[in-house]
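The structure appears right after this line, and notes come after that.
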Amino acid sequence: MGHQSRLSMAAAGTAIGSYTEAYEFRSESLRNAREMIETAGIRGTRSMPIERTRDGLSRIGGGLSFHASPSMLDLVLPRIMGAAESSDLFAVAETLPEFDVLIDRVAKRFVYAGCRVGRATFRATAGGALEM
C-alpha cells in the first residue's frame, strides 16, 4: 500500500482540504513523538490515574526523500533557505518558516504541523537524478 501514499506540504495552519502542493517522493519517515507527563507521586497504588497526567512536548522528526525537479525546488528551497524566491535566486534568512506536512498513508491520514527543515542533503551521480 506504500505505493499509493501521497504527500503534500502547505503553509502552517492550512486546512486539510486546502493543500495544493503535491509531491512525488521516494520515502518518508516522519513521526510525532509525544511526551506524557505524570506526577509520579506516592498514592498507595501503582496504577496511574488519568486525571494526574497530561500531554507534554510533541516532537516531529524524520525525513523525506525526493528526486528533485526544477518545479519542486521552487517549492522546497524557500523552506530550506528561509527566504522567498526572487528570479530563481534564494536568499538565506535568519529564521526558517514553519509549514505543515500532510501524508496520506492509505489506511490513515496524518498532519504534521509546525515542521521546519533541520537538514537538507543533495546528492547526485553522473547520469542520475538529483536526490534530496
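Derivation of every value follows stated rules applied to the coordinates shown; laboratory data play no part. Keep in mind the model is a prediction, meaning the values are calculated, not measured. A quick note on method: Cβ atoms are made from the backbone with ideal geometry, for glycine too, and the neighbour counts reach across all protein chains shown.
Can GLY56 be described as in contact with a strand residue (DSSP E or B) (Cβ under 7 Å, 6 or more places away or on another chain), exposed (fewer than 13 other Cβ atoms within 10 Å of the Cβ) and not in a helix (DSSP H, G or I)?
Spelling it out, GLY56 is indeed in contact with a strand residue (DSSP E or B) (Cβ under 7 Å, 6 or more places away or on another chain), exposed (fewer than 13 other Cβ atoms within 10 Å of the Cβ) and not in a helix (DSSP H, G or I).
Give the number of residues within the stretch 69-119 that are assigned to a loop (DSSP other than H, G, I, E, B) and either loosely packed, with under 13 Cβ neighbours inside 10 Å or not hydrophobic (A, V, I, L, M, F, W, C) (or both).
Of the residues in that region, 15 qualify.
Just give me the residues in the stretch 16-35 being aliphatic (A, V, I, L, M) and closer than 19 Å to ILE60 by Cα, in sequence order.
Hits for the stretch 16-35 are ILE16, LEU30, ALA33.
Which one of THR39, THR14 is of a type in the set (Val, Ile, Thr) and surrounded by 14 or more Cβ atoms within 10 Å (Cβ to Cβ)?
On the way: THR39 fails: surrounded by 14 or more Cβ atoms within 10 Å (Cβ to Cβ).
Result: THR14 is the single residue among THR39, THR14 that is of a type in the set (Val, Ile, Thr) and surrounded by 14 or more Cβ atoms within 10 Å (Cβ to Cβ).
Return yes when MET9 is touching an Asp or Glu at 6+ places or on another chain (Cβ under 8 Å), in contact (Cβ under 8 Å) with a residue 12 or more places away in the chain and of a type in the set (A, V, I, L, M, F, W, C) and no when it is not.
yes
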